[in-house]
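Everything below concerns the one structure shown next.
The values are calculated or read from the model by the stated rules, or taken from the named source; none is laboratory data. Note that the structure is predicted; figures quoted are calculated from it, not measured. Cβ: placed from backbone, ideal geometry, glycine included. Neighbour counts: every protein chain shown. Calculation scope for accessible area: heavy atoms of the full protein, side chains included, ligands and nucleic acids excluded. Shrake-Rupley method; radii C 1.70, N 1.55, O 1.52, S 1.80 Å.
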Amino acid sequence: MNHERNTALGAFLRTHRALVRPEQAGLSTEGRRRVPGLRRDEVALLAGLSAGYYARLEQGHERPTLQTVESLKRALRLDESAAVELHRLARPATRDRPERVSPHLLVLLDDWTAAPAYVLGRSGDVLARNALANALHSRFVHRDNLYRMIFLDPAGLEFFRDWTATAR
């Protein structure tokens with residue numbers, strides 16, 4: 001059953017990848033294209049994933065996280081019914097204990113106006129941020145994870161003064 005679901009997810013991703021034209025996603029259409037719609041590497045780029053990981057998703061070898069499903073939903077420009085189907089097929093993996101920010105910390109974060117502040121989860125996920133951090137990171141496309149901001153977001157190269165040291 002699980003393999004069948006992964007195969008169905010792969011078929012869904014391939015079908016919807018073929019429906020998005022590169023120019024719809026702001027990508028170049030120069031040169032000869034061997035596939036209709038987006039290539040795997042283009043979907044990966046738009047979703048903030050590695051091309052290898054996206055390929056494994058299409059091949060049914062990976063089970064995506066909820067965050068990955070949300071990124072794919074945006075990258076593939078899915079409407080509401082297609083997004084529901086993606087969630088159904090993906091059955092995103094969830095952690096045993098979901099990471100949450102306590103209400104008291106959220107209040108403290110909202111009241112903190114002296115500097116940008118955010119709360120990171122175990123995997124670099126941005127779980128909460130104050131208004132100054134929101135403004136500071138407004139140019140980022142990938143604002144949901146610090147590592148995506150550093151490594152995958154074009155704004156990261158300009159934002160981090162010493163990108164090399166930050167990346168290390």
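Observations, loosely collected:
- Sum of -39500 (n - 2.57) over DSSP H runs of 4+, divided by residues of the chain (222 nm, nearest 500): -14500 deg cm²/dmol
- As a calculated quantity, the FRET efficiency between Arg33 and Thr7 at R0 = 30 Å, using C-beta atoms, amounts to about 0.75.
- Directionally averaged shadow of the chain, computed from the convex hull of its alpha-carbon atoms, nm²: 12.1
- The mean sequence separation of alpha-carbon pairs under 8 Å and at least six residues apart, normalised by the residue count of the chain, gives a relative contact order of 16 percent.
- From phi via Karplus (6.51, -1.76, 1.60), per-residue ³J(HN,Hα) for segment 30-45 in Hz, x at Gly/Pro: 5, x, 7, 10, 8, 10, x, x, 7, 7, 4, 5, 6, 4, 4, 4
- Highest-first packing order for the peptide set 108-115, 66-73, 35-42 is 66-73, 35-42, 108-115, based on the mean count of other beta carbon atoms within 10 Å.
- For the chain, the solvent-accessible area of protein heavy atoms averages 63 Å² per residue (probe radius 1.4 Å; ligands and nucleic acids excluded).
- Counted charge near Leu120, where neighbours are those whose Cβ lies closer than 14 Å (Asp, Glu -1; Lys, Arg +1): +2
- Extreme residue, positive dipole direction of the chain, given options Ala90, Val126, Val69 (C-beta unit charges): Ala90
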